[in-house]
1. Cβ-Cβ under 8 Å, sequence separation 6+ or interchain: first residue in region 402-413 and in contact (Cβ under 8 Å) with a residue 60 or more places away in the chain, partner surrounded by fewer than 13 Cβ atoms within 10 Å (Cβ to Cβ). Which pairs?
2. Only one of LEU138, LEU176, LEU157 is farther than 30 Å from ALA240 by Cβ and of a type in the set (A, V, I, L, M, F, W, C); which?
3. Go through region 313-332 residue by residue and tally those that are touching a strand residue (DSSP E or B) at 6+ places or on another chain (Cβ under 8 Å) and not hydrophobic (A, V, I, L, M, F, W, C).
4. Could you tell me which of the residues ASN342, ASN304 is farther than 23 Å from PRO383 by Cβ and without any contact (Cβ under 8 Å) to a residue 24 or more places away in the chain?
5. For region 180-192, how many residues are crowded, with 16+ Cβ neighbours inside 10 Å and over 21 Å from ALA114 (Cα atoms)?
6. Output the number of residues of region 428-462 satisfying the condition of being assigned to a helix (DSSP H, G or I) and over 21 Å from MET412 (Cα atoms).
7. Specify the residue that is farthest from the chain's Cα centre (by Cα); the eligible residues are those in region 348-403 that are closer than 15 Å to GLN430 by Cα, of a type in the set (A, V, I, L, M) and modelled with pLDDT of 90 or more.
8. Can you say whether THR279 is under 30 Å from LEU75 (Cα atoms), hydroxyl-bearing (Ser, Thr, Tyr) and more than 22 Å from the chain's Cα centre (by Cα), as far as the supplied structure shows?
Amino acid sequence: MRRGPGLRRDQSMKTVARPHHFLVLAGLLAGLALAMSALLPARQPPPRHLTLHHEKLGPVDVLAPSGEPDAFIVLLSDGQGLTAALQSASERLVKRGAAVALLSSPHLLAALDAGARTGCHYALGLFEEFSQTAQRDLGVTTYRRPVIVGSGLGGTLAFLSDTQAPANTIAGAVSLGFDPSLNPRLPFCGADSVRSADGSVTYRPPARLPAHWIAIPDGVGAGALTALARSGSVGELRPAGTDRLETAADAALEIAHLDAGNGVQDVPVEEIPAREADTLVVFYSGDGGWRDIDKRISDYLSRNGVAVVGVDSLRYFWRRKSPAQIGTDLDQLIARYKRRWNVRHVALVGYSMGAGVLPFAWSNLQHSTHETIKLVALLSLDPKASFEISVSGYLGMNNDSDVGIEPAVKTMPLDRVMCFYGAEERNPGQSGCLGPAMTGATLVERPGGHHFDGNYEPIARMILGRLKSAPHSF
């Protein structure tokens, strides 16, 4: 009979212990839930969706991640226009960090054909302008040069955009397929093409392309695209793979990330080294970015033994920079490239917006840096300086936040300054070279206006001559 009380005692003990077991189990389950939630991917905030209205393109949908995009892609449709598949592809790109502008290729061609009655189509200009406007509206802190990606008919337009792009205006282009039957009312600027009797167009490869082009043969135009990319070696051929749109997305993001990586810290630079150089030129571009005058003068200097580091002002000044920050960044650039390229002497060159910031940077440079600078060449200097890219500045108009240059100019050693201006900018208030603060500088008038009629080599020769004749120390 002793078993009865024993059983009762065991049961009583189990009853007392049950709440403790439940608490332990609940704790284990809670810990397991926390561990599993840590392993699961965090819920991503929804993407942003903007509809921007462009004068020629009409309403354009732009998708972007909630945070800062690391690429900007202009996605051109095939001949079917904006389809569900293209929308899905754009959403996948956004999940990978890109902002995407969706454009219907048939609508784009109709808009181009409805414009000028003579001349040629310049689609790239529309893409560049729209890219800057969209990135401003998205509030991005670092400007991303666009990648032009197209499928079918859009693949042809992507290729043509690359052929007509000034240097350093786009990151590159991707053609997923090709439509050789493109038959616009006007030819595309810069394209070497032959129109056959049936209206189709055959495109000859250019000697070189300004930006990276990846060709992915697909569909009816695969043969034409393959032949175009192989002849002249202007493009990189890739197979379409099992998911053609994903292959194109991979190529676009690869181009964008390679382009974004070209810089030193937060300064987007272009390197133009030279053999056995003893002088380094730091060249600040105009607000259009590193192209045309900046590139051609730098190439000339490099061919003649002067190394150049170009600062892309479009990207560098996309967000406002203070004179102190400009000076600090310039000090670091000079120190880095003097060591890297083993040069002793330095010169500063700036065009337009890039010229305007140099007097302000000067007073924020270290004294030891001042001593290494042989020359400051200011090209198309405006009476006021801008420290941030603006739409009004890009169109050649003054901005309310622009600052007069004369107080900053007075801090510079004017015996080391050359100031180049166009003969068409002689009127009072047009050129910063002709202000009273420039007394003591070497003033050089050249034919033409702000762009010197595109004749840059004489300017490059004069800069080179001054560098060769300047004393090695001050």
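The values are calculated or read from the model by the stated rules, or taken from the named source; none is laboratory data. Just so it is clear, the model here is predicted, and its values are computed rather than measured. Backbone-built Cβ (ideal geometry, glycine too); neighbour counts: all protein chains shown.
1. PRO413/PHE474
2. Going through LEU138, LEU176, LEU157 in turn, the sole match is LEU138.
3. Counting residues in region 313-332 that are touching a strand residue (DSSP E or B) at 6+ places or on another chain (Cβ under 8 Å) and not hydrophobic (A, V, I, L, M, F, W, C) gives 4.
4. The match here is ASN342.
5. 1
6. Looking only at region 428-462, we keep the residues that are assigned to a helix (DSSP H, G or I), and these are 432-434, 436-438, 452-454, 457-462.
Narrowing further to those that are over 21 Å from MET412 (Cα atoms): 452-454, 457-461.
The total comes to 8.
7. Checked region 348-403; the qualifying residue farthest from the chain's Cα centre (by Cα) is VAL403.
8. The answer is no for THR279.
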